[in-house]
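First the structure, in the form of structure tokens, and then the observations on it.
The values are calculated or read from the model by the stated rules, or taken from the named source; none is laboratory data. Computed from a predicted structure; not experimentally measured. Cβ placement follows ideal geometry from the backbone for every residue including glycine, while neighbour counts extend to all protein chains displayed.
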């Protein structure tokens, strides 16, 4: 299958515009954390731009677009609620401090446009299956991908909700969340996130030339396991919660599993 570079170009332009608007919003507030909320919305935007312009099998276009929209809107709402009124994320705060008075323009390139490019590359798994006219019917891979996506969506949604309720209880201040899904995995939300992208890849795999879109779930998995996901979260959590090291010893890092005995 030949890629439609026109659609890819329109998506890149749309994402750059979205992130530029986010940058403009961040300037008077001196808070670039808004980019976290735009992450999920960016994929929704890419899915619908592709849906409007592509001429692939309509059933697959609807499947990919609806799944992406459900995930993206939920993630945007969750992150917006979580970050509301809490000031700038410490990650970005360090960049602001290092850049000094120039951060207002540095953030456009380093935070917003950089994420637009990463988002566009990862969204290939959302764009490619919508461009393919064949097969003009659902396949086993479509069904398997939707099932994997649904499993991941449930894991991520439930894990986020459980953590949100745990943090809202003042009695849990300074304690470690080790209940529900968090009893079997230290990062069940990240596990669910990975399943979502591997599920979308399986749908993309059902079309000719879809194999190379495996780059999308690989990027997501590497980022969560080796970069800004697990390593950053655990480093900051260990500093704030003394019992976290013991939790690490008895609980699986990523894939849910029965906790080890003390």
Worksheet item: Among the numbered criteria (1) within 30 Å of residue 168 (Cβ to Cβ); (2) over 15 Å from the mean Cα position of the chain (by Cα), which single criterion is violated by residue 10?
Response: (1)
Discussion item. All but one of (1) surrounded by 14 or more Cβ atoms within 10 Å (Cβ to Cβ); (2) closer than 17 Å to residue 37 by Cβ; (3) not assigned by TED's automatic domain parsing to the domain that holds residue 221 hold for residue 77; state the number of the condition that does not hold.
Written reply: (1)
Item to complete: Would you kindly identify the helices (runs of 4 or more DSSP H) lying entirely within the stretch 203-262 that contain at least 2 residues that are modelled with pLDDT under 80 and on the phi < 0 side of the Ramachandran plot?
Response: 230-240
Worksheet item: Does residue 157 satisfy the criteria of being outside the structural domain of residue 12 (by TED's automatic domain parsing), more than 30 Å from residue 3 (Cβ to Cβ) and at pLDDT 95 or above?
Response: yes
Item to complete: Would you check if there is a residue in the stretch 109-128 being more than 28 Å from residue 254 (Cα to Cα), without any contact (Cβ under 8 Å) to a residue 24 or more places away in the chain and either in the same structural domain as residue 60 (by TED's automatic domain parsing) or surrounded by 13 or more Cβ atoms within 10 Å (Cβ to Cβ) (or both)?
Response: yes
Item to complete: Show the residue pairs that are 6+ apart or on different chains and have beta-carbon atoms under 9 Å apart, the first residue being within the stretch 231-248 and not assigned by TED's automatic domain parsing to the domain that holds residue 172, the second being modelled with pLDDT of 80 or more and in a helix (DSSP H, G or I).
Response: none
Item to complete: Name the residue, out of 26, 107, 37, that is out of contact with any strand residue (DSSP E or B) (no Cβ under 7 Å at 6 or more places or on another chain) and more than 25 Å from residue 235 (Cα to Cα).
Response: 26
Worksheet item: Out of all the residues in the stretch 176-185, is one or more over 14 Å from the mean Cα position of the chain (by Cα) and buried (at least 22 other Cβ atoms within 10 Å of the Cβ)?
Response: yes
Worksheet item: Quick one: in the stretch 91-105, which of the residues that are over 10 Å from residue 33 (Cβ atoms) and surrounded by 12 or more Cβ atoms within 10 Å (Cβ to Cβ) is modelled with the highest pLDDT?
Response: 105
Worksheet item: Condition test on residue 58, is it surrounded by fewer than 14 Cβ atoms within 10 Å (Cβ to Cβ) and farther than 26 Å from residue 190 by Cα?
Response: yes
Worksheet item: Got a number for residues in the stretch 39-63 being without any contact (Cβ under 8 Å) to a residue 60 or more places away in the chain and either under 15 Å from residue 16 (Cα atoms) or not assigned by TED's automatic domain parsing to the domain that holds residue 103 (or both)?
Response: 5
Fill in: Total residues in the stretch 138-174, condition in a loop (DSSP other than H, G, I, E, B), at negative phi and touching a helix residue (DSSP H, G or I) at 6+ places or on another chain (Cβ under 8 Å)
1
Practice prompt. Pick out, from the stretch 43-119, the helices (runs of 4 or more DSSP H) lying fully within it that include 3 or more residues that are closer than 18 Å to residue 24 by Cα.
Written response: 90-99, 103-107
